[in-house]
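Quick notes on the structure that follows.
The values are calculated or read from the model by the stated rules, or taken from the named source; none is laboratory data. The structure displayed is predicted, hence computed values, not measured ones. So basically every Cβ, Gly included, is an ideal-geometry build from the backbone, and we count neighbours across all protein chains shown. SASA here: full protein model, heavy atoms, side chains in, ligands and nucleic acids out. Shrake-Rupley method; radii C 1.70, N 1.55, O 1.52, S 1.80 Å.
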Amino acid sequence: MTSRVLLVSPASSPALRQARFYDGLGPLDASGAARARAAAGSVPRADRAVRSPGARCHETASELGLDTDELPELATLDTGRWRGRTLEEVGTEEPEVLMRWLADPESAPHGGESVRALRERVGAWLESTPKDARTLAVVEPEVIRAAVVHALRLPPEAFWRLDVLLLTVTELSGRSGRWNLRLGRPLAGESTPPPESGRPRADQ
């Protein structure tokens, strides 16, 4: 039996555009909400729909016409005391700490969660998805990257090398712990969806 997991990234929000470490608050921007509404008719069929906690995944799911269950295990990366601050602010005040965090998947200098811990949490959820069923999840970009790193058994350093376009579907299918990847495709009406805006990169 094969599990199929469809990972849908959220629409744009002010926090994404401002490159803020997400604190779970704040709605989509007007453009993002409109794009999600336009894509509502193209959402793939699924046996169950779930989502990351937080306002932008909740609102994206609603605009897409989905009735979703919120799962705490699909929360975005917990960046501790950096939550709500911009990447530029943290980079100006703590440049060496920020670079160490980007370079070391085990590091969590902000007092939150390491990249490795995120990958393990999301990986455990992925392996627990029902067999012979389709699960659709509206999740934060970091969750999609963690799922791909786990599914393909990539080194944790690859996490920061993966770009996730907004309002796209990334499909993972597999059985017995072996996963195949179908790279993110835009929902209808999203011919050239924007990428994550200003997210941290290991090569910055």
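Considering only region 52-167, give the helices (runs of 4 or more DSSP H) lying wholly within it that have at least 1 residues that are among the acidic types (Asp, Glu) and in contact with a helix residue (DSSP H, G or I) (Cβ under 9 Å, 6 or more places away or on another chain).
55-63, 87-93, 115-128, 141-151
If you go through region 79-89 one residue at a time, do you hit one that is surrounded by 22 or more Cβ atoms within 10 Å (Cβ to Cβ), within 17 Å of the chain's Cα centre (by Cα) and farther than 14 Å from LEU7 by Cα?
For region 79-89, residues surrounded by 22 or more Cβ atoms within 10 Å (Cβ to Cβ), within 17 Å of the chain's Cα centre (by Cα) and farther than 14 Å from LEU7 by Cα: present.
In this structure, is ALA137 modelled with pLDDT of 95 or more, within 18 Å of LEU162 (Cβ to Cβ) and of a type in the set (A, V, I, L, M)?
yes
Kindly provide the set of residues from region 1-51 that are in a strand (DSSP E or B) and either without any contact (Cβ under 8 Å) to a residue 12 or more places away in the chain or touching a Lys or Arg at 6+ places or on another chain (Cβ under 7 Å) (or both), ordered by number.
Passing the criteria: SER3, ARG4, LEU6, ARG20.
Which numbered condition trips up VAL5, out of (1) open to solvent by 20 Å² or more (accessible area, probe 1.4 Å); (2) under 26 Å from GLU127 (Cα atoms)?
Evaluating VAL5 over (1) open to solvent by 20 Å² or more (accessible area, probe 1.4 Å); (2) under 26 Å from GLU127 (Cα atoms) leaves (1) as the failure.
Would you be able to tell me the number of residues in region 165-184 that are modelled with pLDDT of 85 or more and either surrounded by 15 or more Cβ atoms within 10 Å (Cβ to Cβ) or among the small types (Gly, Ala, Ser) (or both)?
Qualifying residue count for the region: 11.
Give the residue that is farthest from VAL90 (Cα to Cα), with candidates limited to residues of region 22-53 that are modelled with pLDDT of 95 or more, touching a strand residue (DSSP E or B) at 6+ places or on another chain (Cβ under 9 Å) and loosely packed, with under 15 Cβ neighbours inside 10 Å.
Within region 22-53, the match that is farthest from VAL90 (Cα to Cα) is ASP47.
Test GLU106 against the criterion of being among the charged types (D, E, K, R), farther than 15 Å from VAL5 by Cα and crowded, with 16+ Cβ neighbours inside 10 Å, and give yes or no.
Against the criterion (among the charged types (D, E, K, R), farther than 15 Å from VAL5 by Cα and crowded, with 16+ Cβ neighbours inside 10 Å), GLU106 does not qualify.
Kindly list, by first and then second residue, each pair from a residue in region 128-148 that is at negative phi to a residue that is among the small types (Gly, Ala, Ser) and assigned to a helix (DSSP H, G or I), limited to pairs with Cβ atoms under 6 Å and residues at least 6 apart or on different chains.
What qualifies is VAL138/ALA61.
Quick one: in region 7-30, of everything that is under 18 Å from VAL138 (Cβ atoms) and small (Gly, Ala, Ser), which residue is farthest from the chain's Cα centre (by Cα)?
Per the stated criteria, the residue is GLY26.
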